[in-house]
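Notes follow once the structure below has been shown.
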Amino acid sequence: MSTNPEPTLRYCDIVMKGGITSGVVYPPAVVELAKTYSFRNIGGTSAGAIAAAVTAAAEYGRQHNAPAFSRLETLPRDLGATVSPGGDSLLLSLFQPQKQTSALFRILVASLGNKRFKFLKVLLAAIRNFKAWALLGAIPGLVFSYLAIYGATGIFRGVSLAGGIILIILGVLILVLYGVFRKVTNAIPANHYGMCRGFIEGPNNVPVLTPWLSRLINETAGIDPDGKPLTFGDLWGTEDNDEEK
């Protein structure tokens, strides 16, 4: 039997937009709002939809006498905690790419944040993860440079070496971009048009998104983390279509 929220709480509707930092920003905001409001209509997009689901679970837990919003208070700290030997945070480690998409995922990670020289970092990540294509692209320039060193003389040698270096750079860029293009057009569709399926457990027992989120929602709702998932039917609180849900 559910119990109503405290009578002093006013009802509040909330919609949360997407964004990578949503998992860090929204929980403390929701906890603060929950001191004054009881959430009724809750929505969100992308990462904001995940925050909305957890908020709905917390409201369900509160109405069933569980300390639900206390779990939300610890969420930003949990997401920022280091969980892998490489120093990755839980938030990043939740997304484990499949083998065929791991190279693309590492390039994507290199592009995150307001980093200086971001383009260079992304380019270096692409070269590291597509070494075979980079080497293949460098071969014509290396051959040209070798011939320039041993076959050219005087100023022609210098000009030829400069041309060889330009050929190496262009060859690497073109072939790496081609390798990325092939991977995007083949591996992404083969992986259900995504990089991370969210189900395969990560190394060293690092949790991944789907099972972690399922447990989080149940924990926040005050029900068995490994039990039956929380449903919309649970949130409605009634099976009577004529009653207010």
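So which residues in the range 76-101 are buried (at least 16 other Cβ atoms within 10 Å of the Cβ) and either acidic (D, E) or in contact (Cβ under 8 Å) with a residue 60 or more places away in the chain (or both)? Break it down stepwise before answering.
Of the range 76-101, the ones buried (at least 16 other Cβ atoms within 10 Å of the Cβ) are 76, 78-79, 83, 88, 90-98, 101.
Listed by number, the residues that qualify are D78, V83, D88, L90, L91, S93, L94, F95, Q96, P97, Q98, T101.
For the range 120-227, list the helices (runs of 4 or more DSSP H) that sit wholly inside it and hold at least 1 residues that are closer than 30 Å to E59 by Cβ and not aliphatic (A, V, I, L, M); which are they? Let's see the steps before the verdict.
Values: elements: 131-151, 154-190, 209-221.
Once the helices (runs of 4 or more DSSP H) in the range 120-227 are filtered for at least 1 residues that are closer than 30 Å to E59 by Cβ and not aliphatic (A, V, I, L, M), what remains is 209-221.
Listed here are the residues, each with its yes/no results for (1) open to solvent by less than 60 Å² (accessible area, probe 1.4 Å); (2) touching a residue at least 60 places away in the same chain (Cβ under 8 Å); (3) of a type outside the set (S, T, Y).
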position	(1), (2), (3)
A148	yes, no, yes
V184	no, yes, yes
S214	yes, no, no
D226	no, no, yes
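When you go through (1) open to solvent by 50 Å² or more (accessible area, probe 1.4 Å); (2) in a helix (DSSP H, G or I) one by one for R62, which number turns out not to apply?
Checking R62 against (1) open to solvent by 50 Å² or more (accessible area, probe 1.4 Å); (2) in a helix (DSSP H, G or I), the one that fails is (1).
Would the range 39-52 turn up any residue that is more than 25 Å from G113 (Cβ to Cβ), open to solvent by 40 Å² or more (accessible area, probe 1.4 Å), charged (D, E, K, R) and assigned to a helix (DSSP H, G or I)?
no
The values are calculated or read from the model by the stated rules, or taken from the named source; none is laboratory data. Note that the structure is predicted; figures quoted are calculated from it, not measured. Neighbour counts are summed over all protein chains in view; Cβ atoms, including those assigned to glycine, are modelled from backbone coordinates with ideal geometry. Calculation scope for accessible area: heavy atoms of the full protein, side chains included, ligands and nucleic acids excluded. Shrake-Rupley method; radii C 1.70, N 1.55, O 1.52, S 1.80 Å.
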